[in-house]
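The values are calculated or read from the model by the stated rules, or taken from the named source; none is laboratory data. Small disclaimer: the values here were computed from a predicted structure and weren't measured. Cβ placement follows ideal geometry from the backbone for every residue including glycine, while neighbour counts extend to all protein chains displayed.
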Amino acid sequence: MKFLCDSNTLVDNGSRGFVVEGRPLLAVRREGRVYVYQNRCPHRGIALEWQPDQFLDPSASLIQCATHGALFLIESGECVAGPCAGQSLLAIPCTEDARGIWLAS
């Protein structure tokens, strides 16, 4: 297990970017649960954020690619709108305990 961050640094309906062992990642907390994905759009292979730690659409209900506006479900990473519809972000298994958020791989 690899430590990602303290739990209190990822607020509900918030997102953060990380680089772990050279791999760009993004984490989102929704309804108390944490989801981690590789920070790579399946359409162009580029980073998703439009500013540091800004991965969500204005409603904070979807992950949004800043380059072409593709929208991804937070819970599954599936693209529901945009040029990569039907494709998905690569999910990174994670857990959370009293010490923080951990990557399983």
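Worth a mention:
- Residue identified as closer than 19 Å to Phe18 by Cα, modelled with pLDDT under 95 and among the hydrophobic types (A, V, I, L, M, F, W, C) among Cys84, Cys41, Cys94: Cys41
- Matching residues in region 1-20 - criterion: being charged (D, E, K, R), surrounded by 13 or more Cβ atoms within 10 Å (Cβ to Cβ) and over 15 Å from Tyr37 (Cβ atoms): none
- Out of Gln51, Gln64, one residue alone is buried (at least 21 other Cβ atoms within 10 Å of the Cβ) and either over 13 Å from the mean Cα position of the chain (by Cα) or not β-branched (Val, Ile, Thr) (or both). It is Gln64.
- Residue in region 39-46 that is surrounded by 15 or more Cβ atoms within 10 Å (Cβ to Cβ) and more than 25 Å from Lys2 (Cα to Cα) present: yes
- Any pair with Cβ under 7 angstrom, 6 or more apart, that starts in region 32-58 at a residue that is in contact (Cβ under 8 Å) with a residue 60 or more places away in the chain and ends at one that is part of a loop (DSSP other than H, G, I, E, B): Val34/Leu10; Val36/Ile92
- Some residue of region 91-102 being in contact with a Gly (Cβ under 7 Å, 6 or more places away or on another chain) and either in a loop (DSSP other than H, G, I, E, B) or surrounded by 12 or more Cβ atoms within 10 Å (Cβ to Cβ) (or both): yes
- Of all the criteria given as (1) modelled with pLDDT of 95 or more; (2) in a loop (DSSP other than H, G, I, E, B), the one not satisfied by Phe72 is (2).
- For Asp97, the conditions (1) within 22 Å of Ser7 (Cα to Cα); (2) in contact with a strand residue (DSSP E or B) (Cβ under 9 Å, 6 or more places away or on another chain); (3) charged (D, E, K, R) all hold with the exception of (2).
- In region 72-83 there is at least one residue matching the filter, namely being farther than 13 Å from Leu26 by Cα, surrounded by 13 or more Cβ atoms within 10 Å (Cβ to Cβ), without any contact (Cβ under 8 Å) to a residue 60 or more places away in the chain and charged (D, E, K, R).
- Some residue of region 26-36 being of a type in the set (Val, Ile, Thr), closer than 23 Å to Asp97 by Cβ and surrounded by fewer than 17 Cβ atoms within 10 Å (Cβ to Cβ): no
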